[in-house]
Amino acid sequence: MNADWIWGLIGGALIGSGGAVYLLGNGRIMGASGILGGLIDGSGRNTSGERIAFIAGVILVPLVIWLTVADSPDTHLTSNTVVIIAAGLLVGLGTRIANGCTSGHGVCGISRLSLRGLVATLIYILAGAVTLALFRHLWGLI
Amino acid sequence: MRVLLSFVTGGLFGLGLFLSGMTDTQKVQGWLDIFGNWDPTLAFVMGGAILPMAVAWQLTDGRRPLVGGSFPSLPRQELDRRLVIGSVLFGMGWGLAGLCPGPAMASLSYGGFGGVIFLVSMGTGMIAAPPVVQRLDRTAAST
């Protein structure tokens, strides 16, 4: 099996384990957009401690690995600032309107056989594939 | 305790995103690039993540969360306009840059200036969302 796929499985298992700790421990759903969004727009003020701790973990652990053992990982993010800004706005707006992103709808939703989670996941994958096909292969912009 | 468990959750999530390569936009866009050089890695990440979560959901049966409260009930499974419109917008942004909220946060320390711009834009989009949601709910209620 391709090494990338094995690392994908291992990384995925850790992501799912994180979600399991959050669910069984705190009784909450691990959705990155919901945790961050509730902190930014003030709707999750009464649970801000948990939200900040989660985000600190998400940022600090990769930082520590990067500084200690791993080579500088290349993120391959486009250098086109207009594309970055447009993409960021769409991701922020879309995840809050749909009430979930890849972690919430995809990982936590599908695993409990939620129809909403499954449909949201299929829609954003399809929308992403069409967007990429248009912008990369048809118009050559990204 | 709640805060500590949240930190552990975030740490496992960040570690998983780092190791799986999901902070590499090339991998994510490779998954979406059906008409180009398709990369199935994301399916392995999703599969690896869904398995422990499925076990966790089974364990919620008849129990309470470790530090109190109750488990989240399954929301109404209605496929409303919000879910469809929001997911389309999110998918478009995801395809354009190859970043979703989790990896955007996880790669903050090494994602460079572009990663910071993405996070600020994403936060702006999140702040702009509540009025849009209200409007969608209002028009849905009136039709």
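The values are calculated or read from the model by the stated rules, or taken from the named source; none is laboratory data. Being a predicted model, the structure only gives us computed values, none of them experimental. Quick reminder, even Gly has a Cβ in these numbers, built from the backbone with ideal geometry, and neighbours come from all protein chains shown. The protein model used for the area step is the full one, side chains on, heavy atoms only, and it has no ligands, DNA or RNA in it. Shrake-Rupley method; radii C 1.70, N 1.55, O 1.52, S 1.80 Å.
Can you list residue pairs whose Cβ atoms sit under 6 Å apart, with the first residue in region B:93-104 being more than 7 Å from chain A (Cβ to nearest Cβ) and the second being surrounded by fewer than 24 Cβ atoms within 10 Å (Cβ to Cβ)? Count only pairs 6 or more apart in sequence or on different chains.
B:Ala104/B:Leu119
Of a type outside the set (Asp, Glu) and more than 7 Å from chain B (Cβ to nearest Cβ): does that describe A:Ser48?
yes
Output the residues belonging to region B:121-139 that are more than 7 Å from every other protein chain (Cβ to nearest Cβ) and either closer than 19 Å to B:Thr25 by Cβ or among the β-branched types (Val, Ile, Thr) (or both).
Scanning region B:121-139 gives a single hit, B:Thr139.
So A:Ile6 clears everything in (1) closer than 22 Å to B:Pro130 by Cβ; (2) more than 7 Å from chain B (Cβ to nearest Cβ); (3) at pLDDT 95 or above except one condition, right? Which one?
(1)
Can you say whether B:Val84 is within 16 Å of A:Gly104 (Cα to Cα) and touching a residue at least 24 places away in the same chain (Cβ under 8 Å), as far as the supplied structure shows?
no
Which of the residues spanning region A:118-134 are more than 7 Å from every other protein chain (Cβ to nearest Cβ) and surrounded by 17 or more Cβ atoms within 10 Å (Cβ to Cβ)?
Answer for region A:118-134, where residues must be more than 7 Å from every other protein chain (Cβ to nearest Cβ) and surrounded by 17 or more Cβ atoms within 10 Å (Cβ to Cβ): A:Thr121, A:Val130.
From the list A:Thr81, A:Thr68, exactly one residue is more than 8 Å from every other protein chain (Cβ to nearest Cβ) and open to solvent by 50 Å² or more (accessible area, probe 1.4 Å). Which is it?
Answer to the check: A:Thr68.
I want to confirm something. Restricting to region A:98-116 and keeping residues that are aliphatic (A, V, I, L, M) and within 15 Å of the chain's Cα centre (by Cα), which single residue is surrounded by the fewest Cβ atoms within 10 Å (Cβ to Cβ)?
Applying the filter and picking the extreme gives A:Ile110.
Report, by residue number, each residue of region B:1-50 that is in contact with an Asp or Glu (Cβ under 8 Å, 6 or more places away or on another chain), more than 7 Å from every other protein chain (Cβ to nearest Cβ) and small (Gly, Ala, Ser).
Selection gives B:Gly30 alone.
Condition first: open to solvent by 30 Å² or more (accessible area, probe 1.4 Å) and in contact (Cβ under 8 Å) with a residue 12 or more places away in the chain. Now tell me which residues in region A:51-65 satisfy that.
Once the filter is applied, which keeps residues that are open to solvent by 30 Å² or more (accessible area, probe 1.4 Å) and in contact (Cβ under 8 Å) with a residue 12 or more places away in the chain, region A:51-65 yields only A:Ile52.
Could you check region A:23-43 and list, in sequence order, the residues that are under 18 Å from B:Met1 (Cβ atoms), open to solvent by less than 20 Å² (accessible area, probe 1.4 Å) and within 7 Å of chain B (Cβ to nearest Cβ)?
Listed by number, the residues that qualify are A:Leu23, A:Gly25, A:Asn26, A:Gly27, A:Met30.
Please find, among A:Ala70, A:Ala20, A:Ala87, A:Ala53, the residue that is out of contact with any Ser or Thr (no Cβ under 6 Å at 6 or more places or on another chain), part of a helix (DSSP H, G or I), of a type in the set (Gly, Ala, Ser) and under 19 Å from B:Leu15 (Cα atoms).
Exactly one residue qualifies, and that residue is A:Ala20.
Pick from region B:109-126 the residues that are of a type outside the set (Phe, Trp, Tyr) and in contact with a Ser or Thr (Cβ under 9 Å, 6 or more places away or on another chain): which of them is surrounded by the most Cβ atoms within 10 Å (Cβ to Cβ)?
B:Met122
Given (1) buried (at least 18 other Cβ atoms within 10 Å of the Cβ); (2) closer than 28 Å to B:Phe35 by Cα; (3) of a type in the set (A, V, I, L, M, F, W, C), identify the lone condition not met by B:Ala106.
(2)
Take the conditions under 18 Å from the mean Cα position of the chain (by Cα), in contact (Cβ under 8 Å) with a residue 40 or more places away in the chain and not in a helix (DSSP H, G or I) and apply them to A:Gly37. Does it pass?
No.
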